[in-house]
Amino acid sequence: MNPQRLLRPLRLVRRRVLLRRRPLAAVTAAAAVLAALQATSPPAPETVSVLTARRDLPSGTVVQRSDLVDTVVAATTVPTAVVRDAEAVVGRTLAAPMSRGEMLTAARTVGAGLLRGYPGMTAVPLRITDAAVVELLRVGDRVSFVVADPDGRAAPEVLLEDAAVVAIPRSEQGALSSGTPGRLVVAAVPSGRAGDVAARAATSILIPVWSH
């Protein structure tokens, strides 16, 4: 038998093996590169769920669950005293305005405990334009609040009479984030007028006047 005829099938088999080995080697190399990249990539950052404002919320807003949304953020971006449980803040009053998407912290709200002894009242944070005046106020003072048009187009008028000061927050986070001057005081306002008082105060120069 001719030896060449015997070698021919062997050569064909060898050629097929070589042709198949090349793509297999390429796939193996690609897998090795991918594994190396995964081994050297940093781990995914830890995330947590926090409460953020669903929309822009003005100072004095009584927080409702619909005002807040659960948002997943990187744990490293979460400030101290961030609020994660909506039940802890629903019904509380915002002590400073919040922008849409901003994380809610405990310092942003004032609680119903401030109104112990003031039935029918709502705690409303009011920003006094002259921060030095706030230094003269004390919790328990009874004051009236006069509003003045910042553009001088309307005469000053009394917005609120004989209101009790129930808190003077130390935190100025609201002023720092919004760029608004002045300092906050929290006054006990008749619940039926709370929204109107907060809205008027937000667009006016607010001046406290001691009642007695």
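The values are calculated or read from the model by the stated rules, or taken from the named source; none is laboratory data. None of these values were measured; they are calculated from a predicted model. Note that we place each Cβ from the backbone using ideal geometry, even for glycine, and neighbour counts take in every protein chain shown.
Which of (1) of a type in the set (A, V, I, L, M, F, W, C); (2) within 27 Å of residue 160 (Cα to Cα); (3) at pLDDT 85 or above does residue 68 not meet, given it meets every other one? Failed condition: (2).
Of the residues 169, 150, 125, the single one that is outside any strand (DSSP E or B) and surrounded by 12 or more Cβ atoms within 10 Å (Cβ to Cβ) is 169. Can you pull out every residue in segment 109-140 that is over 27 Å from residue 87 (Cβ atoms) and small (Gly, Ala, Ser)? Hits for segment 109-140 are 131, 132, 140. Return yes when residue 120 is in the same structural domain as residue 188 (by TED's automatic domain parsing), among the small types (Gly, Ala, Ser) and either more than 30 Å from the chain's Cα centre (by Cα) or closer than 20 Å to residue 67 by Cβ (or both) and no when it is not. No: the conditions fail for residue 120. Taking first residues from segment 183-212 that are surrounded by fewer than 17 Cβ atoms within 10 Å (Cβ to Cβ) and partners that are among the basic types (Lys, Arg), the Cβ contacts under 8 Å between residues at least 6 apart in sequence or on separate chains come to 202/127; 210/142; 211/142; 212/142. On the stretch given as segment 71-110, residues that are at pLDDT below 90 and either not assigned by TED's automatic domain parsing to the domain that holds residue 129 or not hydrophobic (A, V, I, L, M, F, W, C) (or both) total 15. Pairing residues of segment 132-160 that are within 15 Å of residue 184 (Cβ to Cβ) with residues that are in a strand (DSSP E or B) and charged (D, E, K, R), at Cβ distances under 6 Å and at least 6 apart in sequence or on separate chains, gives 134/183.
Going by the structure shown, is residue 162 at pLDDT 90 or above, surrounded by 16 or more Cβ atoms within 10 Å (Cβ to Cβ) and farther than 22 Å from residue 64 by Cβ? Judged against the criteria, residue 162 is not a match. Of note, residue 76 satisfies the criterion of being among the hydroxyl-bearing types (Ser, Thr, Tyr), more than 13 Å from the chain's Cα centre (by Cα) and surrounded by fewer than 16 Cβ atoms within 10 Å (Cβ to Cβ).
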